[in-house]
Amino acid sequence: MSPPTSPAWRTLFVLGRASNLPTVWTNCLAGWWLGGGGPTWDIVRLCVGASLLYVGGMYLNDAFDAEFDRQYRRERPIPAGLIREDRVWQIGASLLAAGAVLLISLGWITAIFAAFLVGAIVLYDALHKALALSPLLMAACRFLLYPLASSAAEQGVTGRSIWSGIALAGWIVGLSYVAKRESTTGRFQRWPLLVLALPLFFAALSNNGPWRLYGLGVGFLVAAWAVWCLRHTLVEGGRNLGLTVSGLLAGICLVDWLAVLPPWTGSAVFLGCFVASLLAQRFVPAT
């Protein structure tokens, strides 16, 4: 059976891992706020541009992985015959280009970070199956969102935006390591999961003011969620790496929340995006 000319909307959402978009928005929001904030229109353009890059990158991910998926993940849209492979290439490249153009409009420094981000996305998509250190490439993609968003804010790229991006990168390395184990064989090592604690480490170093108790509360929430997700991986007999990865992906919103301490008036947005991501995963798989 040949793929349909017009794929169903759900197929498009599955290809783009649309359930993860709230985590992209909180990345942008945290980086923008750490850079001093600014006009609402700028953060809207940031979120839309970053979303286009993310979804485009996810389309290209499936396009690059088409042969692998035909052998090992036949439920994915391309091998399942839900959409033509050439259509996925076209949509992915178009979304990347549109996102880059929108981000370039925010200034030349933002344009430089956008170029680095597009390069990191394409490198990850092309190499992640063959490269053992591919979790670092995925972490680089998320890290770059912080200085990119900060560069479009009133104060520009700040030290806190860089350090918070590094903290987030640790979280991404940890969840990407688990995700890589889904499609590879070999013994599962637990020590790489320690990098999931990097956001807590940086938060503990920077949060010494009057909001320390508030920070401890958010930090506890991040730690508790990580433990809750990892139980699917670390408990013998009922191991489900996919559930761990999906949960940790939604947890990116909590890590971003931790980064904006002391509390910002819009902090509830991070919790709302976390809940939205979890709810969206009921309809569109996160991986």
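Points to keep in mind about this one:
- Extension gain, residue 72 back to residue 287 (0.36 nm per residue minus Cα-Cα distance, nm): 76.0 nm
- Site pair residue 129 and residue 265 shows an inter-label distance of 5.0 nm when each label is modelled 7 Å from Cα along Cα→Cβ.
- Evaluating 6.51 cos²θ - 1.76 cosθ + 1.60 at θ = phi - 60° for every residue in region 116-129, the Karplus couplings come out as 4, 5, 4, x, 5, 4, 5, 4, 4, 4, 6, 10, 5, 6 Hz, glycine and proline recorded as x.
- Principal axis dimensions, largest first and in whole angstrom, of region 213-259 by Cα: 38, 17, 7
- In terms of its C-alpha gyration tensor, the chain comes out oblate, because a/c is 1.5 or above while a/b does not outweigh b/c.
- Applied to region 14-25, the Karplus parametrisation 6.51 cos²θ - 1.76 cosθ + 1.60 on θ = phi - 60° returns per-residue 3J(HN,Hα) values of 5, 4, x, 6, 4, 5, 8, 4, x, 6, 5, 5 Hz, with x for Gly and Pro.
- Ordering of 272-285, 114-127 by packing is 114-127, 272-285, highest average first (other Cβ atoms within 10 Å, averaged per residue).
- In terms of other Cβ atoms within 10 Å, 19, 267 run from fewest to most in the order 267, 19.
- Among 61, 20, 207, the largest mean-square fluctuation in a Gaussian network model of the chain, built with springs joining Cα atoms closer than 10 Å, belongs to 207.
- Sorted fewest first by neighbouring Cβ atoms within 10 angstrom, 253, 229 come out as 229, 253.
- Given 12 as the ceiling on other Cβ atoms within 10 Å, longest exposed-site-free region of the chain for GluC sites (Glu not before Pro) in DSSP loops: 155-235
- For region 65-94 and region 104-171, distance of Cα centres in Å: 26 Å
- Cα gyration tensor, region 199-281 - rounded (a/c under 1.5), prolate or oblate: oblate
Only the coordinates and a few stated rules stand behind these numbers; no lab work does. Keep in mind that what you see is a predicted model, and the values were worked out from it rather than measured. Counting neighbours? That spans all protein chains shown, and the Cβs are built from the backbone with ideal geometry, glycine included.
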